[in-house]
Amino acid sequence: MSSPSMTLSHSPTSPFVRKVMVLLHETGQLDRVTLQPTQATPTTSDAELNRRNPAGKIPALRLADGNVLHDSRVILDYLDQQHVGDPLIPLQGPARWRRLTLASLADAILDAAVLIRYESFLRPPDKRWEQWQQGQQAKIERALQQFENEAIAELACHFDIAAISVACALGYLDLRQPESNWRQRYPQLADWYAEVSQRPSMQATQPPA
Ligand code: 99T
């Protein structure tokens, strides 16, 4: 086995990092990457991370030649071109744009959920803005509704970029919004998630409770 040639700025609670880790598992590339534990929030500053990604966000992937890739979508695209199996991001045609659009909607869930997390965990209580949080939550619900009503068969047909992204988004809701009861409102999504959660790639990347 060759030594790892890439370094991933990593946190076990980041769903964006988890997408990358799931793809590494699914494509047999885990041994190519060293994980560098990294704390990233808008109120902490990590000089090394900021050098790698001026946005100060994880994941960032340092390649063997010193170049750094971010954000998670770029990293996933890169890593998917580094293995010999079937691509998890279709290379061209309508399938490419559809699967990337589904993945983008899952990322929108994550963006909103991470903002809610920062608002409710980092911001001082007297400065919190309830209506703004509700607006973010509404984005999450609309996206979940669309996956439930219009995309469940597409998710079920292939564990690719779209499915990985939705699965990581649902996992993050379980981590940060355990009271949200999304399974009751979106039963088909719940059944699908129960199944894909059993995949070794999802089991191995479960965030700490
Ligand atoms: O916003 C910051 O300053 C630091 N936040 C992050 O690094 C989060 C960590 S999730 N990452 C992103 O927001 C990346 C988004 C980017 N578009 C991508 O990579 O796709 C940590 C959540 C948690 O621990 O609860």
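Read the figures in this text as sums done on the coordinates, not as results from a lab. Remember, predicted model here, so these are calculated numbers, not experimental data. Because the Cβ atoms are built from the backbone with ideal geometry, glycine has one as well, and the counts that use them run over all protein chains shown.
Worth a mention:
- Each principal axis of segment 70-209 carries a Cα extent, and these read 53, 33, 30 Å when sorted largest first.
- Take the Cα of Ser3, go 7 Å toward its beta carbon, and the backbone nitrogen atoms of segment 47-89 under 14 Å from that spot belong to 64.
- Helices of the chain meeting both criteria, an alpha-carbon length of 30 angstrom or more along the long axis and an average Kyte-Doolittle score not below 0.0, with helices taken as full DSSP H segments, are 93-121.
- For segment 34-176, the relative contact order is 20 percent, taking Cα pairs closer than 8 Å that sit 6 or more residues apart in sequence and dividing their mean separation by the residue count.
- Only the Cβ atoms of Lys and Arg (+1) and of Asp and Glu (-1) were treated as charged; on that basis the dipole of segment 82-181 about its Cα centre amounts to roughly 280 debye.
- Annotation: the antiparallel percentage among DSSP beta bridges lying fully within the chain is about 45.
- A simple spin-label model places pseudo-atoms 7 Å from Cα toward Cβ; at Gln177 and Leu30 they are separated by 3.0 nm.
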